[in-house]
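I have placed the structure first, in the form of structure tokens, so that the comments after it can refer back to it.
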Amino acid sequence: MNALVATNRNFKLAARLLGLDSKLEKSLLIPFREIKVECTLPKDDGTLATFVGFRIQHDNARGPMKGGIRYHPEVDPDEVNALAQLMTWKTAVANIPYGGAKGGIGCNPGELSKSELERLTRVFTQKIHDLIGIHTDVPAPDMGTGPQTMAWILDEYSKFHGHSPAVVTGKPIDLGGSLGRDAATGRGVLFATEALLNEHGKSISGQKFVIQGFGNVGSWAAQLIHEKGGKVVALSDITGAIKNSNGIDIPSLLKHVKENNGIKGFHGGDSIDPKSVLVEDCDILIPAALGGVINRENANEIKAKFIIEAANHPTDPEADEILSKKGVIILPDIYANSGGVTVSYFEWVQNIQGFMWDEEKVNSELKTYMTKGFKDVKEMCQTHNCDLRMGAFTLGVNRVARATVLRGWEA
């Protein structure tokens, strides 16, 4: 099931639980604005190349729109629409004053030189500079983009609008990026997991974890869980997968991954089929890679008692049903991976104030937001007698609906 269908389905279930008026429900789904631009640039060999860039701005009832920009060859408008909508609910669940957006350019960043990527980013920014802004829409990095991309957008935007560090987040520290932003999503996953386990009278220490994906989120989550005494017993990335029932030595693995660009060849565990990593024996499973990886084919074989969704929509709705019948507790993506956007909000706040925080303050504020977020989700679960996914969706949708009505926008 594709991302848009799944997101719309969750939204409709939440709207029904909340008893939303059908006109309001319809208006909440329609994006505020969809932007599509042509980006033509000279390549290094002097030929011209054209790429399509776009930005979906979903909702701004609670504040400026927020969401990533991805550079990827298959940028599917449906998926981007779903991700923009997901950002609307995610920022509302986190209780930060933003709405949702998402965008990108259909290109293969691996096939472009650094100077071509810079020219592409600047042309894209020239085309959309009057449609984004500190109080309008604040982009961030996503697949295929990073702090350097944000630096180019900031520089190009500032040529038109004066120095504006708050126009993007996920910037390099030297240009107003926030300390603790790099680890934020992974650290948020840790705080979310702690809040959930705490509810069940458990702690991270001594629990067995399996993590699928060892990129930014997976590697930080693994490192922080390891530091808290959790045992990571299996791990995978695009190069391969390993398991070690006594617990993988995460610091040595991080060193190996840095030197070899992947898990493959690490000697601190047995090599396994990457497909089987999700069904390894463990207490807590953390999918931190792609969407749709837990589906009706493998849901029955999952042995974990808890699933923490660090990736976006890793669990298909069919798998959701199978797992809930088995009594598996799923902490949904719109809460579990909101650490990144929460620290992006802290970065924006610091830029607007022109006053930067130390890392300890960033991390302690993040913990406060994640802990409060879990409490709010649980309250909605009790009110509507539903699971955590619907608890998070009803919380997010309700906050956006209330803001929409208060502003007098309902149809």
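The values are calculated or read from the model by the stated rules, or taken from the named source; none is laboratory data. These numbers were taken from a predicted model, which means no experiment stands behind them. FYI the Cβ positions are ideal-geometry reconstructions off the backbone, even for glycines, and counts take in every protein chain you see. To get the accessible areas, we keep the full protein, side chains included, count just its heavy atoms, and leave off ligands, DNA and RNA. Shrake-Rupley method; radii C 1.70, N 1.55, O 1.52, S 1.80 Å.
Being open to solvent by 30 Å² or more (accessible area, probe 1.4 Å), more than 18 Å from Gly396 (Cα to Cα) and either touching a residue at least 60 places away in the same chain (Cβ under 8 Å) or not β-branched (Val, Ile, Thr) (or both), is that true of even one residue in the stretch 86-96? No: the stretch 86-96 contains no residue that is open to solvent by 30 Å² or more (accessible area, probe 1.4 Å), more than 18 Å from Gly396 (Cα to Cα) and either touching a residue at least 60 places away in the same chain (Cβ under 8 Å) or not β-branched (Val, Ile, Thr) (or both).
One residue stands out in the stretch 360-411 among those that are assigned to a helix (DSSP H, G or I) and of a type in the set (Lys, Arg): the one that is nearest to Ser22 (Cα to Cα), namely Arg402.
Do we have Asp137 as open to solvent by less than 20 Å² (accessible area, probe 1.4 Å) and of a type in the set (D, E, K, R) here? Criteria met by Asp137.
The condition of being among the basic types (Lys, Arg), open to solvent by 30 Å² or more (accessible area, probe 1.4 Å) and within 24 Å of the chain's Cα centre (by Cα) holds for only one of Lys264, Lys275, Lys255, that being Lys275. Of all residues in the stretch 1-32, those that are over 16 Å from Gly391 (Cα atoms) and either open to solvent by 30 Å² or more (accessible area, probe 1.4 Å) or basic (Lys, Arg) (or both) total 14.
All conditions but one from (1) assigned to a strand (DSSP E or B); (2) surrounded by fewer than 18 Cβ atoms within 10 Å (Cβ to Cβ); (3) of a type outside the set (S, T, N, Q) apply to Ala241; the one that does not is (2).
For the stretch 174-187, what are the residues that are open to solvent by less than 10 Å² (accessible area, probe 1.4 Å) and in a helix (DSSP H, G or I)?
Matches in the stretch 174-187: Ala184, Gly186.
Within the stretch 94-108, being farther than 22 Å from Arg33 by Cβ and touching a Pro at 6+ places or on another chain (Cβ under 9 Å) holds for Cys107, Asn108.
Select, from Gly391, Gly408, Gly396, Gly354, the only residue that is without any contact (Cβ under 8 Å) to a residue 60 or more places away in the chain and at negative phi. Break it down stepwise before answering.
Numbers: Gly408 fails: at negative phi; Gly396 fails: without any contact (Cβ under 8 Å) to a residue 60 or more places away in the chain; Gly354 fails: at negative phi.
The match here is Gly391.
Taken as a whole, the condition of being surrounded by 19 or more Cβ atoms within 10 Å (Cβ to Cβ), outside the structural domain of Asp59 (by the TED database) and within 30 Å of Ala403 (Cα to Cα) applies to Lys171.
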